[in-house]
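Here the structure comes first, spelled out in structure tokens, and everything after it is commentary.
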Protein chains: 4
Amino acid sequence: MGKGRVEAFTDGVVAIIITIMVLELKVPHGEDFSTLAPLWPVFLSYVLSFIYVGIYWNNLHNMFHTVQRVDGRVLWANLNLLFWLSLMPVTTAFMGENHFAPVPVAVYGAELALCAAAYIILAVMLHRLHSNDTAFARALGSDRKGRISLALYIAAIPLTFISQWIGVAIYVLVAMIWFVPDRRFERVIEK
Amino acid sequence: MGKGRVEAFTDGVVAIIITIMVLELKVPHGEDFSTLAPLWPVFLSYVLSFIYVGIYWNNLHNMFHTVQRVDGRVLWANLNLLFWLSLMPVTTAFMGENHFAPVPVAVYGAELALCAAAYIILAVMLHRLHSNDTAFARALGSDRKGRISLALYIAAIPLTFISQWIGVAIYVLVAMIWFVPDRRFERVIEK
Amino acid sequence: MGKGRVEAFTDGVVAIIITIMVLELKVPHGEDFSTLAPLWPVFLSYVLSFIYVGIYWNNLHNMFHTVQRVDGRVLWANLNLLFWLSLMPVTTAFMGENHFAPVPVAVYGAELALCAAAYIILAVMLHRLHSNDTAFARALGSDRKGRISLALYIAAIPLTFISQWIGVAIYVLVAMIWFVPDRRFERVIEK
Amino acid sequence: MGKGRVEAFTDGVVAIIITIMVLELKVPHGEDFSTLAPLWPVFLSYVLSFIYVGIYWNNLHNMFHTVQRVDGRVLWANLNLLFWLSLMPVTTAFMGENHFAPVPVAVYGAELALCAAAYIILAVMLHRLHSNDTAFARALGSDRKGRISLALYIAAIPLTFISQWIGVAIYVLVAMIWFVPDRRFERVIEK
């Protein structure tokens with residue numbers, strides 16, 4: 001089964017997710033600067049999610065670039081990841097509209113953890129189709145970065161109830177780690 | 001007439017449908033876990049529809065892969081299918097927001113039946129263009145799976161008024177049958 | 001300048017327009033069949049517009065298929081057409097939510113007239129780039145069909161104020177004329 | 001790293017932005033012409049933004065056409081531009097719904113300035129990857145047009161508080177300057 005179909009569909013869905021997120025940024029009613037003030041938390045959570053979806057687009061694209069073949073399991077593992085990513089607009093707005101209150105921040109962390117777990121499952125499903133000496137397997141390695149991120153998101157959820165800012169700090173930190181495109185795949189692509 | 005144009009447009013529309021469905025998942029107002037409780041039925045109907053649209057994407061893609069040519073009738077049969085699929089976000093939200101009440105569950109069944117019928121019509125229109133010894137015709141066969149699904153959806157509609165959970169059970173069952181990508185076309189593609 | 005870029009962008013925008021139109025079909029509140037009754041006019045206007053956008057997709061695709069080159073004027077003539085098409089979701093909902101009242105039906109006719117005029121302008125701009133013996137010019141011919149449609153839409157606007165059903169009948173009639181894909185371009189593509 | 005991935009994703013996101021903007025054009029409630037009157041400012045700001053997004057699509061497409069390679073920095077500079085462009089639907093509606101009041105007009109100017117700055121940053125990041133004798137560098141030149149536009153947007157912000165129509169006039173003026181596709185890149189593409 002060709003990978004082109006999965007790549008194009010994934011790119012399409014991610015492009016739509018990153019763009020419709022803005023529809024949750026409600027147009028402020030009123031004509032002076034004070035009407036913009038309550039928008040700040042919504043805006044900041046939008047910025048964070050835009051960066052996260054950008055990271056997923058980049059990493060998914062790099063990963064599929066080194067992939068040689070896909071099968072039905074990969075396809076559903078990919079749809080599973082797209083499902084959790086598709087919830088990003090809702091969890092982002094939930095966190096922003098409630099001014100980073102503990103429960104919404106924890107829910108956002110659960111969302112990030114579920115996306116990260118879905119990404120790991122996708123990588124495992126792809127690994128089953130590629131022997132250890134393929135470009136894909138070498139690039140993926142032990143996927144330490146993916147597993148550490150998942151552990152950090154899970155850790156952030158209870159810490160949010162001590163202070164939500166610990167949770168937010170962890171999400172920003174992990175985003176910064178991933179901000180640099182996943183060099184593992186890029187190094188292999190360059191060869 | 002080339003099939004590429006129909007394939008790309010279909011993939012685009014399906015990618016948009018699967019993604020904008022999330023816009024019906026309204027952001028909860030409130031900062032504690034209790035505000036999330038009423039979202040469960042909406043979320044579960046979203047999961048079911050996401051899987052259904054994923055199944056359609058997969059089967060449409062496999063079907064067009066083995067197709068050799070299309071004509072104006074195929075094009076409108078395909079737009080007819082996309083039309084019924086495009087109603088998925090509305091019927092999904094109708095079922096979820098009313099906590100799986102009988103009428104919305106029956107309406108959702110009618111929606112699934114109309115999509116299934118449109119898929120069968122599309123297959124018939126394509127069959128007219130392909131003789132019985134083409135890859136497409138061999139892969140499609142008698143399309144028993146498609147016809148049984150349609151019969152089950154139609155049966156589910158009156159059964160919903162005995163108990164809506166019979167209807168929901170049928171929709172989940174048929175989704176599970178189709179969850180595995182349509183091997184008929186895959187087997188032919190692999191050759 | 002290559003035509004591929006204009007084709008892909010146009011297909012993308014049309015796919016989005018045809019799909020987001022459903023977002024104007026508001027989810028009914030209530031659990032019995034009576035809640036669906038007021039949706040009928042909205043649904044019927046949605047069906048009509050879905051067919052119209054389908055027709056535009058089909059004709060645009062056929063037209064660009066025979067085109068050999070585009071320039072900056074074609075590009076803006078095309079964006080002008082996409083602009084008027086992008087208003088389709090709003091005018092459709094305006095007509096449907098007001099149960100085909102005369103003013104909304106007239107506004108919908110104006111929208112169709114503006115789309116038709118934009119299509120004619122696009123064809124003229126493309127004609128300037130193609131001599132009369134090109135496949136494009138032969139296929140376009142005198143574009144009688146496009147001009148008659150425009151005349152019918154314009155005629156429908158005042159007739160709507162005698163009875164809105166005259167307007168609606170004209171829109172349905174013209175859609176039926178165009179329902180068959182524009183054979184002019186298909187005939188040329190087949191050669 | 002291939003540029004194709006960035007080009008396709010950018011085209012997709014821009015196509016979605018230009019189309020979902022219409023969702024902020026709320027369907028008027030009422031059946032006579034007077035219900036359309038308050039829509040004029042919203043409609044006019046929609047027209048302006050549609051032209052601006054069209055200009056960005058055109059210029060981005062021309063720019064990437066002459067580009068030979070991209071790297072991680074270009075990718076994030078491009079996502080940065082897409083981020084600011086994605087706010088266009090919100091700032092457009094904010095300006096339109098408040099009938100071009102000074103603060104919303106100034107906010108719209110800030111939005112245009114941020115998009116222009118992001119475009120300049122993207123051009124600089126691309127310039128770092130292309131020596132001065134490449135087609136890209138010759139086409140970009142000193143990018144005077146981009147820098148003058150940015151200066152005009154920034155100048156418009158304070159002038160808005162003297163009269164908002166000065167701000168609006170500047171936005172219309174700059175749009176007219178860019179309306180003609182960026183001939184610098186076209187001239188190079190033609191060769």
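Per residue of the protein assembly as shown, what 222 nm ellipticity follows from adding -39500 (n - 2.57) for every DSSP H run with n ≥ 4, rounded to the nearest 500?
On the way: 36 runs with 572 residues, N = 764.
Result for the protein assembly as shown, helices only: -25000 deg cm²/dmol.
Once the label point is placed 7 Å from Cα along Cβ, list for A:Met176 the distances to the corresponding points in the other copies, in nm, shortest first.
So the distances to the same position in the other copies read 4.8, 4.8, 6.8 nm.
Multiply the residue gap between A:Ile166 and A:Val47 by 0.36 nm, knock off their C-alpha separation, and tell me the result in nm, one decimal place.
Numbers: separation 119, 0.36 × 119 = 42.84 nm, distance 1.81 nm.
My answer for the length gained is 41.0 nm.
Please compute the Kirkwood hydrodynamic radius over the protein assembly as shown, one decimal place, Å, based on all pairs of different Cα atoms.
27.4
Ordered by packing density, taken as the mean number of other Cβ atoms within 10 Å over each peptide's residues, highest first, how do C:145-152, D:98-105, B:144-151, B:127-134 rank?
Details: C:145-152: 17.0, D:98-105: 21.8, B:144-151: 15.5, B:127-134: 12.8.
So the order, starting with the most tightly packed, is D:98-105, C:145-152, B:144-151, B:127-134.
With just the Cα atoms defining each centre, how far is segment D:114-169 from segment B:131-171? Give it in Å.
Computed from Cα coordinates, the inter-centre distance equals 57 Å.
For peptide D:25-35, what's the mean number of Cβ atoms from other chains within 10 Å of each residue's Cβ? It would help to have the intermediate numbers written out before the result.
On the way: counts 6, 3, 13, 8, 3, 6, 10, 5, 3, 1, 4.
Taking all residues of D:25-35 together, the mean is 6.
Count, for each residue of C:39-52, the Cβ atoms from other chains sitting within 10 Å of its Cβ, then give me the mean as a whole number.
Numbers: counts 2, 0, 0, 0, 2, 0, 0, 4, 1, 0, 0, 5, 4, 0.
Neighbouring Cβ atoms belonging to other protein chains average 1 per residue here.
Between beta-carbons, use under 15 Å as the cut-off and find the net charge around B:Leu112, counting Lys and Arg +1, Asp and Glu -1. Mind showing how you got there, number by number?
Details: positive: B:Lys145, B:Arg147; negative: B:Glu111.
Net of charged neighbours comes to +1.
Averaged over C:83-90, how many beta carbons belonging to a partner chain fall within 10 Å of each residue's beta carbon? Can you show the working numbers first?
Numbers: counts 7, 0, 2, 9, 4, 1, 5, 9.
The per-residue average across the peptide is 5.
What is the angle, in °, between the Cα long axis of helix C:40-66 and the longest principal axis of the Cα atoms in chain C? Nearest 10 is fine, range 0 to 90.
10
Which angle between 0 and 90 degrees, to the nearest 10, do you get for helix B:144-159 versus the longest principal axis of chain B when only C-alpha atoms count?
The angle comes out at about 30 degrees.
Which residues in segment A:120-135 place their backbone N less than 14 Å from a point set 7 Å from the Cα of A:Ile154 along the Cα-to-Cβ direction?
A:120-121
In nm, one decimal, shortest first: how far is the label point of A:Pro158 (7 Å from Cα along Cα to beta carbon) from the matching points in the other copies?
5.6, 5.6, 7.9
Using 7 Å Cα-to-Cβ label points, what is the A:Arg144/D:Leu173 separation (nm, one decimal)?
If labels sit at A:Arg144 and D:Leu173, their model points lie 5.8 nm apart.
Mind checking the angle between helix A:164-179 and chain A's longest principal axis? C-alpha axes, 0 to 90 degrees, to the nearest 10.
Long axis of A:164-179 versus the principal axis of chain A: about 40 degrees.
Viscosity 0.890 mPa s, temperature 25 °C: Stokes-Einstein D of segment C:27-143 from its Kirkwood Cα radius, in µm² per second?
Values: Rh = 16.1 Å.
Calculated translational D: 153 µm²/s.
Taken together, the values in this text are just the output of simple stated rules run on the coordinates, not laboratory data. Fair warning: this is a prediction, and the values are worked out from it, not measured in the lab. Positions of Cβ are generated from backbone atoms using ideal geometry, with glycine treated the same way; all protein chains shown enter the neighbour counts.
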